[in-house]
Amino acid sequence: MTPALTIDVVTLFPQMLSGFLNESIMKRATESGRVIFRAVNPRDFTEDRHRTVDDKPYGGGPGMVMMPDPLVKAVESILDPGARVVLLTPQGRQFRQDTASDLALCGHLIIVCGHYEGIDERVRLTLCADEISIGDYVLTNGTVAAAVVIDAVARLVPGVVGGEGAVENDSFSHGLLEYPQYTRPAVFRGMEAPEVLRGGNHELIARWRAEQAMSRTRSRRPDLLKSNNDGDNGNDS
Ligand code: ADE
């Protein structure tokens with residue numbers, strides 16, 4: 001099978017990803033040939049004896065900054081004309097479900113992980129990379145953020161998640177949170193699973209779920225309803 005998506009991760013810590021990629025759905029995505037994951041280490045593109053990838057920031061300040069040369073060379077070693085390059089940084093636009101849908105279609109995704117205080121600005125300029133943040137908090141290691149992005153993107157590749165409609169009803173995919181789910185037993189610690197879900201009337205079930213999705217979204221995430229009405233979900237691609 002021709003893979004629908006190749007994901008390259010440029011990281012100083014490829015081992016951090018291997019456990020995650022070798023379990024569960026990500027493992028099956030690779031085994032089925034739908035997704036290919038590869039890791040590229042910028043240290044392999046250094047030229048000095050110590051394999052240096054970082055240095056003190058110009059202008060002073062705490063921490064170290066990732067040097068441009070090893071990172072750019074690492075990306076260039078795998079770059080092809082159709083590839084999308086994404087730089088993970090807290091300064092990026094926010095990663096959302098629609099960002100994941102968009103990236104799942106790109107064919108070749110290159111994710112560049114930051115570490116230390118940040119990445120030399122010239123990396124972004126050289127690679128024309130899209131900067132993405134997974135949330136308004138700072139991680140010590142962008143490889144953790146890469147795992148989040150990979151999971152959200154790879155599960156949207158057709159066939160990766162089993163069951164018809166498995167991803168279509170996700171929270172956020174229609175701009176709403178998902179309705180509550182129930183399974184057996186019918187009564188758990190005195191709490192009954194809604195009768196309508198056990199009754200088998202698909203029309204009533206669909207109506208109940210739509211109402212629940214709307215009321216949950218209204219009470220928990222009214223911002224989602226507002227951004228839908230505005231026609232602006234805060235994301236630009
Ligand atoms: N690296 C450090 N913090 C990050 C964040 N919030 N999103 C993406 N990459 C990061």
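The values are calculated or read from the model by the stated rules, or taken from the named source; none is laboratory data. Since this is a predicted model, take the numbers as computed values, not measurements. We place every Cβ from the backbone using ideal geometry, glycine too, and count neighbours over all the protein chains shown.
A few notes on this one:
- Test: residue in the stretch 157-164 that is surrounded by fewer than 11 Cβ atoms within 10 Å (Cβ to Cβ) and more than 23 Å from the chain's Cα centre (by Cα): no
- If you go through the stretch 1-26 and keep only what is more than 17 Å from residue 88 (Cβ to Cβ) and touching a helix residue (DSSP H, G or I) at 6+ places or on another chain (Cβ under 7 Å), you end up with 5, 26.
- Each residue in the stretch 60-85 was checked for being surrounded by fewer than 15 Cβ atoms within 10 Å (Cβ to Cβ) and closer than 24 Å to residue 150 by Cα, and 5 of them qualify.
- Qualifying residue in the stretch 198-217 (condition: in contact with a Cys (Cβ under 8 Å, 6 or more places away or on another chain) and outside any helix (DSSP H, G or I)): no
- Test: residue in the stretch 145-153 that is surrounded by fewer than 15 Cβ atoms within 10 Å (Cβ to Cβ) and not basic (Lys, Arg): no
- Of all residues in the stretch 104-135 being at pLDDT 95 or above and near the ligand (Cβ under 7 Å from one of its atoms), the one that is farthest from residue 43 (Cα to Cα): 135
- Odd one out for residue 224, checked against (1) of a type in the set (A, V, I, L, M); (2) within 16 Å of the ligand (Cβ to nearest atom); (3) at pLDDT below 95: (2)
- Residue in the stretch 158-167 that is more than 16 Å from the ligand (Cβ to nearest atom), under 24 Å from residue 15 (Cβ atoms), in contact with a helix residue (DSSP H, G or I) (Cβ under 9 Å, 6 or more places away or on another chain) and not assigned by TED's automatic domain parsing to the domain that holds residue 58 present: yes
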